[in-house]
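Each remark here refers to the structure printed beneath this line.
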Amino acid sequence: MAQKTDVIVIGGGLAGLMAAVTAARAGRSTLLLERGEAFGGHAQTQDWKGFQLNLGGHALYKGPGYALLRELDLLPEGAEPKPRGRTLREGRLDLLPAGPLSMLATGLLGWREKGAFLSLMAGLPRVDLQEAAGLTCRQWLERHVSDPRLRQLLGALLRTNAYEGDLSRLRASTPLRRLLDSQKGVFYIHGGWARLVARLAGAAEAAGAVLKRGQAAAGLETLGGGHRVRMGSGETFEASEVILALPPAETLKLLPTPAAARLRAVLGDPRPVTVSCLDLCLSRLPDHSVNLGLGIDEPVFMVVQSEVARLAPEGAALVHLVRYHEGRPGEEPAAMRAHMEAFMDRLQPGWREVLLHARFLPSIQAASVLDEPGRQRPVSEDLGAPGLHLAGDWVGEVGWLADVSLVSGHRAGLAAAALAACA
Ligand SMILES: Cc1cc2nc3c(=O)[nH]c(=O)nc-3n(C[C@H](O)[C@H](O)[C@H](O)COP(=O)(O)OP(=O)(O)OC[C@H]3O[C@@H](n4cnc5c(N)ncnc54)[C@H](O)[C@@H]3O)c2cc1C
């Protein structure tokens with residue numbers, strides 16, 4: 001006998017958890033099914049002897065996801081960094097121009113370039129994002145930034161904000177919006193993103209939702225007036241509304257054939273955004289004057305979030321390095337790791353002597369679908385299947401990365417709750 005609820009959410013990452021909180025808070029009986037043994041998906045945090053390792057460096061931008069978490073009273077505690085950054089170009093270290101003083105002092109730019117960079121950054125809020133949505137980053141930079149060194153610097157900032165190295169494919173409006181959000185500030189979560197996951201899961205349960213782990217959905221059938229979810233174990237659950245908060249490939253596998261065909265037509269042939277991550281647990285930070293490193297002519301980034309967020313034992317440091325891919329890993333994992341280590345040698349000489357633990361992720365998916373001009377992100381209505389809803393980092397028009405997951409999860413939760421009330 002199938003168990004019945006108003007809303008079933010499949011997938012317990014940020015999108016699914018946000019959908020479950022929303023539907024349960026709206027008064028609908030809600031069941032969430034997560035395949036893994038832990039909730040959180042890509043937002044999980046692993047503990048290594050008191051170091052809280054997110055899956056690569058994670059920062060919550062003060063964008064739409066942050067605003068939503070605040071509005072719903074779901075924002076965990078955290079801290080905002082004060083960047084003390086360096087840039088690396090042609091092997092030379094310079095101050096990252098992140099404020100008036102570092103701008104005056106940096107040798108990265110000449111005086112004329114500094115003036116041009118300042119006016120470029122001041123003009124960001126007035127950038128025509130509609131025009132930028134139709135251009136790749138490379139096209140936008142060629143059209144709007146004439147100085148080649150400024151173009152290179154801005155390109156490095158866009159790449160870092162989007163987690164994508166291929167500027168000839170990435171839609172310009174995506175990292176430009178994020179760069180604007182980053183000017184409002186970014187937020188590192190104390191204890192790692194697992195705290196955000198726990199906050200969402202706790203809020204969903206407090207509102208009456210039932211959250212189950214170790215439950216892989218294996219099939220989805222449409223019944224008269226509802227849907228049945230079949231688990232790998234053979235168990236079944238029924239609901240009038242089902243939210244699929246899954247990566248695109250999993251979603252396509254579960255959807256009934258006509259809805260899957262419609263979704264495939266909108267998705268086309270998407271390519272994911274992947275990066276390599278090197279996370280370093282150090283007994284101390286060799287040089288406290290540097291907490292951020294930006295490769296200008298190489299696609300690498302370093303950040304020490306433990307300088308402000310509680311992510312490491314007292315006195316110790318947690319450092320994240322990211323190597324952006326350009327559509328493909330391109331190099332052997334060992335070569336990419338050596339590249340990141342060499343970057344670290346320049347920014348934090350002596351780090352090898354204080355290394356306690358290193359975790360290398362050669363290729364991890366940071367976003368399910370690369371945002372490209374001409375590519376439309378799907379919405380639930382594209383399925384043409386009443387009662388089925390989509391959520392995830394590839395759904396809907398708002399934001400990038402976790403912003404998309406949180407906003408699409410919230411929207412799906414609201415829609416499912418409203419429809420379940422009429423069922
Ligand atoms: C290295 C790295 C760095 C990042 N940095 C940032 C950052 O700085 N800022 C930012 O905003 N975002 C960042 N992100 C992105 C952010 O982590 C993701 O956008 C977000 O966690 C995705 O959440 P989601 O719920 O959409 O998908 P997922 O996390 O993929 O969740 C999907 C869930 O569905 C479950 N599932 C799959 N199949 C089934 C099934 N058949 N049945 C049941 N459950 C199933 C999975 O186990 C998973 O838990 C980063 C990601 C990575 C990898």
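The values are calculated or read from the model by the stated rules, or taken from the named source; none is laboratory data. From a predicted model like this one, the values you see are computed outputs, not experimental measurements. Ideal geometry is used to build each Cβ from the backbone, glycine not excepted, and the neighbour counts take in all protein chains shown. All accessible areas refer to the heavy atoms of the entire protein, side chains included, with ligands and DNA or RNA removed. Shrake-Rupley method; radii C 1.70, N 1.55, O 1.52, S 1.80 Å.
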| task | Would you be able to tell me the number of residues in segment 126-138 that are in contact with a helix residue (DSSP H, G or I) (Cβ under 9 Å, 6 or more places away or on another chain), surrounded by 16 or more Cβ atoms within 10 Å (Cβ to Cβ) and not charged (D, E, K, R)? | result | 5
| request: Tell me, please, whether a residue that is open to solvent by 20 Å² or more (accessible area, probe 1.4 Å), touching a residue at least 60 places away in the same chain (Cβ under 8 Å), in a loop (DSSP other than H, G, I, E, B) and closer than 15 Å to Thr87 by Cβ can be found in segment 278-292. | output: yes
| remark: Checking Leu69, Leu31, Leu14 in turn, the sole residue that is modelled with pLDDT of 95 or more, within 16 Å of the ligand (Cβ to nearest atom), within 30 Å of Glu241 (Cβ to Cβ) and not assigned by TED's automatic domain parsing to the domain that holds Leu244 turns out to be Leu69
| segment 176-194, residues that are among the charged types (D, E, K, R) and assigned to a loop (DSSP other than H, G, I, E, B) | none
| note | The condition from (1) surrounded by fewer than 22 Cβ atoms within 10 Å (Cβ to Cβ); (2) part of a loop (DSSP other than H, G, I, E, B); (3) modelled with pLDDT of 95 or more that Gly330 misses is numbered (3)
| said: So Leu361 passes all but one of these: (1) in contact with a Gly (Cβ under 8 Å, 6 or more places away or on another chain); (2) closer than 22 Å to Val9 by Cα; (3) of a type outside the set (S, T, N, Q); (4) within 13 Å of the ligand (Cβ to nearest atom). Which condition number does it fail? | reply: (2)
| note | Note: among Ala417, Ala421, Ala358, just one is over 26 Å from Glu71 (Cβ atoms) and more than 21 Å from the chain's Cα centre (by Cα), namely Ala358
| Do we have Pro349 as on the phi < 0 side of the Ramachandran plot, outside any helix (DSSP H, G or I), open to solvent by 50 Å² or more (accessible area, probe 1.4 Å) and at pLDDT below 95 here? | no
| message | If I filter segment 367-385 down to residues being under 21 Å from the mean Cα position of the chain (by Cα) and open to solvent by 30 Å² or more (accessible area, probe 1.4 Å), which single residue comes out as farthest from the ligand (Cβ to nearest atom)? | response | Pro373
| Restricting segment 37-51 to residues that are open to solvent by 40 Å² or more (accessible area, probe 1.4 Å) and under 18 Å from the mean Cα position of the chain (by Cα), which is farthest from the ligand (Cβ to nearest atom)? | Gln46
| remark: For segment 296-327, the count of residues that are in a strand (DSSP E or B) and of a type in the set (Gly, Ala, Ser) equals 1
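Table: residues versus (1) over 17 Å from Lys49 (Cβ atoms); (2) open to solvent by less than 40 Å² (accessible area, probe 1.4 Å); (3) touching a residue at least 40 places away in the same chain (Cβ under 8 Å); (4) of a type in the set (D, E, K, R).
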| position | (1), (2), (3), (4) |
| --- | --- |
| Gly295 | yes, yes, yes, no |
| Val303 | yes, yes, yes, no |
| Arg310 | no, no, yes, yes |
| Leu318 | no, yes, yes, no |
| Taking segment 1-23 only, how many residues are outside any helix (DSSP H, G or I) and open to solvent by 10 Å² or more (accessible area, probe 1.4 Å)? | 7
| message | Please go through segment 70-99 and give me each residue that is over 19 Å from Ala156 (Cα atoms), assigned to a loop (DSSP other than H, G, I, E, B) and open to solvent by less than 70 Å² (accessible area, probe 1.4 Å), ordered by number. | response | Leu72, Leu74, Leu75, Pro76, Pro81
| Which members of segment 222-254 meet the condition of being of a type in the set (A, V, I, L, M) and over 21 Å from Thr22 (Cα atoms)? | Leu223, Met231, Ala249, Leu252, Leu254
| said: If I go through segment 42-61 residue by residue, how many of them are out of contact with any His (no Cβ under 8 Å at 6 or more places or on another chain), part of a loop (DSSP other than H, G, I, E, B) and closer than 16 Å to Ala309 by Cα? | reply: 3
| Of everything in segment 386-407 that's within 8 Å of the ligand (Cβ to nearest atom), part of a helix (DSSP H, G or I) and open to solvent by 10 Å² or more (accessible area, probe 1.4 Å), which residue is farthest from Leu263 (Cα to Cα)? | Ala402
| remark: Within segment 225-248, the residues that are among the polar types (S, T, N, Q) and in a loop (DSSP other than H, G, I, E, B) are Ser233
